[in-house]
1. Return yes when B:Gln209 is touching a helix residue (DSSP H, G or I) at 6+ places or on another chain (Cβ under 7 Å), in contact (Cβ under 8 Å) with a residue 40 or more places away in the chain and under 26 Å from B:Arg167 (Cα atoms) and no when it is not.
2. Quick one: which residue in A:Trp265, A:Trp247, A:Trp286 is in a helix (DSSP H, G or I) and more than 12 Å from chain B (Cβ to nearest Cβ)?
3. Can you go through A:His98, A:His60, A:His38 and tell me which one is within 16 Å of ligand 2 (Cβ to nearest atom) and either out of contact with any Gly (no Cβ under 6 Å at 6 or more places or on another chain) or within 18 Å of B:Ile39 (Cα to Cα) (or both)?
4. Scanning for something touching a Ser or Thr at 6+ places or on another chain (Cβ under 8 Å), of a type in the set (A, V, I, L, M, F, W, C) and outside any loop (DSSP other than H, G, I, E, B), does segment B:49-66 turn up at least one residue?
5. Filter segment A:1-42 down to the residues that are among the small types (Gly, Ala, Ser) and more than 30 Å from A:Val279 (Cβ to Cβ) and list them by number.
6. For residues that are in a helix (DSSP H, G or I) and in contact with a Lys or Arg (Cβ under 7 Å, 6 or more places away or on another chain), scanning just segment A:75-90, find the one that is nearest to ligand 2 (Cβ to nearest atom).
7. Go through (1) part of a helix (DSSP H, G or I); (2) more than 14 Å from every other protein chain (Cβ to nearest Cβ); (3) farther than 23 Å from B:Ser152 by Cβ; (4) not acidic (Asp, Glu) one by one and return the number of the condition B:Met232 breaks.
8. Mind checking which helices (runs of 4 or more DSSP H) fall wholly inside segment A:1-74 and carry at least 1 residues that are more than 16 Å from ligand 1 (Cβ to nearest atom)?
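We did not get these values from a lab; they are worked out from the coordinates using the rules stated. Values in this document were obtained by computation on a predicted structure and should not be read as measured data. Neighbour counts run over all protein chains shown; Cβ positions are idealised from the backbone, glycine included.
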Amino acid sequence: MAPPARFQEIIDSESKIEPSDWMPEGYRKTLIRQIAQHAHSEVIGMQPEGNWITRAPSLHRKAILMAKVQDEAGHGLYLYSAAETLGVKRNDLQELLHQGKHKYSSIFNYPTLSWADMGTIGWLVDGAAITNQVMLTRCSYGPYSRAMVRICKEESFHQRQGYELLIRLCQGSEEQKAMAQDAIDRWWWPSLMMFGPNDSDSPHTEQSMAWKIKRVTNDDLRQQFVDMTVPQADYLGLRIPDPDLKWNEERGHYDFGPIDWEEFWRVVRGSGPMNRDRVEHKKRAWDEGTWVREAASAHAAKQQRRAA
Amino acid sequence: MIASGPQGMAAKALSPEIAELVSYGDDNLVLAQRLGEWISNAPELEIDIALGNIALDHLGVARALYTYAGEVEGEGRTEDDFAMRRTEREFRNVLLVEQPNGDFAHTIVRQFFFDVYSQILWSGLADGDDNTGAGIAGRAVKEAAYHFEFSSSWLIRLGDGTEESHRRAQAAVDALWRFTAEIASDEWLARVSSVFETAGLAIPDDPYQRVGGRDGYHTEHLGFLLAEMQWMDRAYPGLEW
Ligand SMILES: [Fe+2]
Ligand SMILES: [Fe+2]
């Protein structure tokens with residue numbers, strides 16, 4: 001069978017494409033872009049939460065937060081490895097991120113301004129990530145789909161921990177409740193934007209769906225997320241900052257108000273509140289670490305010579 | 001030449017039964033807090049993860065020791081009472097662990113000095129008569145061995161690697177050596193010297209040493225570390241998180 005026909009057969013039969021299989025150049029490029037963006041998001045996402053590690057209000061919370069940020073670093077590593085199966089190098093991908101040529105999830109371009117943000121990010125941001133990633137466990141590319149299975153388990157744990165943090169605040173003092181409400185007010189709309197533009201404005205969706213990289217459209221994922229999240233907000237006693245939000249009996253879904261796509265594109269294009277800080281932080285850490293990485297390779301080379 | 005506090009300046013003394021538990025708890029908490037500052041700042045992802053894991057281990061040891069100290073004391077004090085509600089003068093950690101991260105070489109040298117100390121300390125306590133204490137020590141000694149593996153191998157890489165890394169590693173040793181009297185013993189010196197030999201690093205000639213951590217007579221860095229760590233508990237007293 002000719003390689004393109006074989007590729008199509010694997011896709012049609014819901015099997016997985018593996019690194020050694022033939023694949024169309026567009027498929028490979030789309031995956032590299034998507035997996036790299038995903039990896040960068042995990043790594044950049046360490047910053048907004050890392051921002052609270054030294055200030056966590058109790059040792060128990062400090063331990064949970066530290067472990068969570070470590071998990072995100074681990075997700076970054078698995079995903080860079082998944083991308084490397086497509087013939088690219090982690091350092092080159094990071095370089096593209098530093099140069100601003102690669103994107104990461106725009107949600108991380110917002111600042112974390114209170115302790116409640118740690119709960120809200122776990123609940124909403126990890127929650128939105130899971131909605132997307134559960135779909136990606138069925139992605140046609142084997143290494144990506146397997147990375148997602150592993151990552152999803154940890155993300156569900158993060159989501160529960162975030163929600164549990166908010167329960168504590170919402171059952172606490174007036175100040176704590178106000179802190180939680182302020183956080184959902186700031187994070188709600190950016191979380192909905194995590195699913196990307198409306199399907200009508202998402203030119204790549206059709207091809208990605210045909211290749212079974214993507215299995216559900218942006219708008220359907222967003223709807224799933226809203227349907228899952230609204231009852232959770234109710235349980236917390238938090239108000240979702242959307243006057244149009246209401247249950248639609250006929251559709252069997254929640255209706256919600258229009259998303260501010262101007263804000264979305266402004267942040268994607270680099271003018272969100274924290275875009276510059278995030279990339280500069282990452283570049284600074286990388287540049288300051290150059291001498292360390294050089295020392296490690298110089299030592300390894302010397303060791304090899306000594307052994308020879 | 002040992003510089004310590006003026007005589008009689010020890011802060012409110014801890015009761016003798018819990019003094020050691022709390023002092024070692026403070027060492028581990030303060031070091032965990034410092035290592036936590038590295039997260040998202042490390043030279044590469046693998047190092048970020050390793051430093052975070054080490055921080056989590058130290059934090060775990062601190063929590064176990066505080067909790068146990070609270071039980072021994074029997075006045076209902078919790079881990080957070082020890083961590084969040086004591087002042088700079090009441091902390092009993094050695095001065096080494098409160099020193100700022102500096103560059104990666106400073107962090108590695110600080111960690112290495114402390115890891116050698118921890119290995120000796122915990123292996124001495126792991127087969128004591130006190131079951132809970134021995135349990136904590138038994139876990140801590142295993143973790144310390146893994147931390148030592150990380151810090152000593154990095155120290156060797158830095159000492160042996162490039163001219164720059166060697167210069168930075170030696171500069172870190174020179175800067176931190178003055179905080180080692182509180183943790184040094186003959187065995188400590190022997191283990192440190194042996195790694196230094198492989199790494200091509202030298203023990204400084206300068207005999208000056210600064211001590212006082214165990215009496216609550218700290219360097220000026222600890223106050224800022226505590227201010228950051230304790231601010232939420234102090235800003236919202238009595239709340240549950
Ligand atoms: Fe993640
Ligand atoms: Fe996560």
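1. Spelling it out, B:Gln209 is indeed touching a helix residue (DSSP H, G or I) at 6+ places or on another chain (Cβ under 7 Å), in contact (Cβ under 8 Å) with a residue 40 or more places away in the chain and under 26 Å from B:Arg167 (Cα atoms).
2. A:Trp265
3. A:His38
4. yes
5. If the condition is that a residue be among the small types (Gly, Ala, Ser) and more than 30 Å from A:Val279 (Cβ to Cβ), then A:Ala2, A:Ala5, A:Ser13, A:Ser15, A:Ser20 are the ones that fit.
6. Applying the filter and picking the extreme gives A:Tyr78.
7. (2)
8. In segment A:1-74, A:3-12, A:25-44 are the helices (runs of 4 or more DSSP H) which contain 1 or more residues that are more than 16 Å from ligand 1 (Cβ to nearest atom).
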